[in-house]
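One structure below.
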Amino acid sequence: MTTPARLWAERKRKEREQAKTRAAIESADAEAVNELTTTASGFESLCMNLEQDLVLLSGKSLEEKAAIKAERFAIYMEHVETYKAQGDVYANPILVEMMIWCFDLLVAGHTAGNAVLFKELALQCVEEGQRLPPRFTTKNIATFIADAVMQWAQQQVKLSHSPEPLFSEIAALITDWPVPQAVKMKYHKLAGQLATDNGEWEAAFVQLTKADLLGTPKHPAKVTTLKKQVVKELEKQGIPLPSVDNDSTDADTE
């Protein structure tokens, strides 16, 4: 029988455990944090501390957020690495949040931002069927990742920076991911634009055609003008138009 005294004792035990974890986080002792969170209650404590850090981030400037995330990132990643090494799969909000933080740091141009690590974490989240935190309206984590990378890639192009190799790597992955056709269409469209800029006319034609095929009245590809330019260049060079597979599907994923 659970008595009020036992409930009080359990609450105090959790408070002490959370305090120890918090102290380790504040002192940036990643190894200590990992040791304290090897049990189920320790994992719960770490999740609660992560929630505290998310509250701490609210209201901060982008620069302040990046600094805090960079400081905490290595600490939480210690747990993520242990989780991955153990091979057990379960709902892990810390893994998901670190994937998000890694991308945020990449977007912020912070030295802690790592495209290779982000791709690794993103792929792990999708393969494990992890869920986004409740604060996100998008429930499909694959769609969130694809949309985020697309927005970043478009911004890089506007700044005359290359979005490669991350853009092409995610573009290849979403072929098999449960994402809406409209998202895949955007990837083909941007890939076609990049190929056009590089004078890769055959590749540009294929990508723009695929974008056109994936377009709908609600989400049109709007590649007609660019595609005509590509066709004109191919004809000028005497290159036959490449055949293109239709990647569209009957069902879409919201």
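Here, each number is a calculation from the coordinates, and none is a lab measurement. Given the structure is predicted, the values throughout are model-derived calculations rather than measurements. Don't worry about glycine lacking a Cβ; one is built from the backbone with ideal geometry, like all the others, and counts go over all protein chains shown.
List every residue whose amide H lies under 5 Å from the amide H of GLU200, counting only residues 5 or more places away in sequence or on a different chain, with H placed 1.01 Å from N in the peptide plane.
none
Restricting to Cα atoms and excluding each atom paired with itself, what does the Kirkwood estimate give for the range 141-254 in Å?
Final number for the Kirkwood radius of the range 141-254 is 14.4 Å.
Starting with the fewest neighbours, write out VAL183, VAL55, VAL96 ranked by other beta-carbon atoms found within 10 Å of each beta-carbon.
VAL55, VAL183, VAL96
Take TRP101, TRP177 and order them by how many other Cβ atoms sit within 10 Å, fewest up front.
In increasing order of surrounding Cβ atoms, one gets TRP177, TRP101.
Calculate, for GLU44 and THR137, the FRET efficiency according to 1/(1 + (r/R0)^6) with r their C-beta to C-beta distance and R0 22 Å; round to the nearest 0.05.
0.25
Once Lys and Arg get +1 and Asp and Glu get -1 on their Cβ, which of PRO134, ILE75, MET150 lies farthest toward the positive end of the dipole of the range 26-153?
MET150
When a footprinting reagent is the concern and you count Cβ atoms within 10 Å, what order do CYS102, CYS47 take, fewest first?
Exposure proxy ranking, most exposed first: CYS47, CYS102.
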